[in-house]
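Below you'll find the structure, written out as structure tokens, and then a few comments.
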Amino acid sequence: MTEFLTMTTPKIALMLPCLNEELTLAKVIRDFKKEIPTLDVYVFDNGSSDRSREIALREQAKVIWVPQKGKGHVVRKMFEVVDADVFIMVDSDDTYDAKGIHLLLAPVLKEEADMVVGTRLQDFSLKAFRKFHRFGNFLIIKLINFIFRSSLTDILSGYRVMSRNFVKNIPFLRQGFEIETELTVYSLINGFHVQEIPLSYRHRPPNSHSKLRTFSDGYKVLLTIVW
């Protein structure tokens, strides 16, 4: 526990998008609760057909069903229904390190940043990134940095800490995995302060499968930027 948590005791919410993550969900919840025992944990079920909901309830998480398919709908629901001072959003696939959460929390708790992103491109398992994912991420970053004169390094990370002011004042229109791009672009347009902190990124465990579709999702991300 960091000194910031003990000094200010903010209400911190962990928000987990979930679609068939029974292999990893319990570990992710436990890892983050180990780092911050006072966390309020929310699992947003986007239509799982496995035991994800049962596991989330067993781990004493609040489960919220999101019937509309797409991560964008899930994130919109997160921001609508969760009430907290600080919001942690992280994927449920156990690819992100819970131990890094204190590094991401510190700038938000100090009011030095509205959103802090755990970037993946300095310390990652080669199995975690498909070749075209790395290339596509590189192109998208170059385009956004050129348009907005920014210096971002990872626009598609699913590991973010956000302030209440950010969460309650940012609009959403997208439906799928391009939601991370929209979060970043809106923050640049509206003058929110974004920080990036490099963290380790590992590959999914055996029999756990990514929902990303390299070319179709990449195309939608580019459309989001143009829009």
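Please treat every number below as a calculation from the coordinates, not as lab data. Computed from a predicted structure; not experimentally measured.
Quick notes
- Distance violations [Cα-Cα > 31 Å] among 11/142; 69/110; 62/142; 11/69: 11/142; 69/110; 62/142
- Cα convex hull of the stretch 8-117, projected area averaged across orientations, nm²: 6.5 nm²
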